[in-house]
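Encoded as structure tokens, the structure appears first; notes follow it.
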């Protein structure tokens with residue numbers, strides 16, 4: 001049995017959704033709705049996810065803002081895709097916004 005097989009079997013036994021699937025992703029989004037007030041809406045004809053501004057979502061809003069800053073830098077070609085991926089894959093290690101007060 002491979003590591004991924006073992007992880008999948010453990011997740012199934014514990015009834016943890018596989019976020020690499022569409023259904024698992026939806027259940028993750030539903031959990032974010034319950035915990036942080038994430039909502040789905042429409043803006044300019046596009047489906048959008050929104051974080052309601054409440055005390056439970058304050059830290060999530062901060063880290064999403066940090067992510068947006070990095071995505072904007074990538075879009076403006078201020079950083080390379082490699083730098084962007086390094087930021088994402090090692091978050092919060094390379095986060096220079098210093099928004100995080102404690103881990104989620």
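The values are calculated or read from the model by the stated rules, or taken from the named source; none is laboratory data. Here the structure is a predicted model, which means the values were calculated and not measured. Glycine also receives a Cβ, built like all others from the backbone with ideal geometry; neighbour counts cover every protein chain displayed.
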* Structure fact -> Among 73, 82, the single one that is surrounded by 15 or more Cβ atoms within 10 Å (Cβ to Cβ), more than 15 Å from the chain's Cα centre (by Cα) and over 15 Å from residue 37 (Cα atoms) is 73
* Any hit, the stretch 46-58, residues being in contact with a strand residue (DSSP E or B) (Cβ under 8 Å, 6 or more places away or on another chain), without any contact (Cβ under 8 Å) to a residue 24 or more places away in the chain and loosely packed, with under 11 Cβ neighbours inside 10 Å -> yes
* Asked: Quick check, is residue 63 over 24 Å from residue 18 (Cα atoms), at pLDDT 85 or above and surrounded by 11 or more Cβ atoms within 10 Å (Cβ to Cβ)?
  -> no
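In this structure, is residue 39 touching a helix residue (DSSP H, G or I) at 6+ places or on another chain (Cβ under 7 Å) and in a loop (DSSP other than H, G, I, E, B)?
Judged against the criteria, residue 39 is not a match.
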* **Selected residue (only one of 66, 9 is without any contact (Cβ under 8 Å) to a residue 24 or more places away in the chain and either in a helix (DSSP H, G or I) or over 14 Å from the mean Cα position of the chain (by Cα) (or both))** => 9
* Asked: Somewhere in the stretch 69-85, is a residue at pLDDT below 95 and in a loop (DSSP other than H, G, I, E, B)?
  -> no
* Of all residues in the stretch 15-27 being at pLDDT 80 or above and surrounded by fewer than 12 Cβ atoms within 10 Å (Cβ to Cβ), the one that is farthest from residue 51 (Cα to Cα) -> 21
